[in-house]
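Okay, structure first, notes after.
Bear in mind that the values in this text are calculations on the coordinates, not laboratory data. All of these numbers come straight from a predicted model, not from anything done at the bench. Cβ placement follows ideal geometry from the backbone for every residue including glycine, while neighbour counts extend to all protein chains displayed.
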Amino acid sequence: MKLTHARSSWMVLSVTVALGCAHSVLPPAARTLPLDRGWKIQSSAITSGGGHEISRAQFDTAGWHPTPVPSTVLAALVRNGAVEDPFAGRNLETISAERFAVPWWYRNEFTLEAAPSDGRLLFEGINYSAEIWLNGQRVAGRDDISGAFRVFELDVTRRLRAGANVLAVEVFPPRPATRWPFSQISAL
């Protein structure tokens with residue numbers, strides 16, 4: 001099956017960790033940890049393990065593709081030379097849609113000096129739905145994280161810890177639209 005449009009551009013991730021401390025007098029910018037660097041992505045069709053394993057520090061990411069976020073899967077693959085530039089010649093026609101019909105994992109390891117008294121993940125642009133895992137525990141599922149480019153804020157205070165933390169996000173492509181029979185649409 002040939003990719004006729006950049007379907008993979010629908011899978012994108014942007015995230016920030018907001019850290020609150022009791023009696024903090026730090027400015028808001030100092031209480032925010034942008035997680036735009038240090039990400040790696042891999043197709044769920046290739047990687048073994050689920051979110052419980054992938055969101056742990058000892059998980060092996062050999063063969064994963066590094067990328068900053070926000071980034072689409074296709075942009076990351078092009079950046080890493082795994083896919084030829086779709087805007088050059090007829091390259092877009094050679095990209096298989098099947099590669100993007102499965103979920104993709106985004107994974108990041110980050111370090112905190114201290115566990116926050118109020119820790120939140122702010123996702124600004126997951127498309128289309130996702131499961132969120134932090135330090136081996138599921139934070140949110142597809143029923144909670146769904147919709148094109150919506151903003152999601154998750155309280156992860158009890159799951160963040162001083163030292164190493166691992167965030168894994170399984171991003172699912174949009175499902176085909178449900179078609180409503182014309183007879184069920186009432187006239188206005």
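Taking Cβ atoms as reference points and 13 Å as the exclusive limit, the residues near Arg31 contribute a net charge of -1, counting Lys and Arg as +1 and Asp and Glu as -1. Between the residues Thr94, Thr111, Phe149, the greatest Cα displacement towards the positive end of the dipole of the range 84-153, with unit charges on the Cβ of Lys, Arg, Asp and Glu, is found for Thr94. What does the charge count near Arg138 come to, summing +1 for each Lys or Arg and -1 for each Asp or Glu among other residues with Cβ under 15 Å from its Cβ? For residues surrounding Arg138, the net value is -1.
Local charge for Phe152 was computed over the other residues whose Cβ lies under 15 Å away, with Lys and Arg +1 and Asp and Glu -1, and equals -3.
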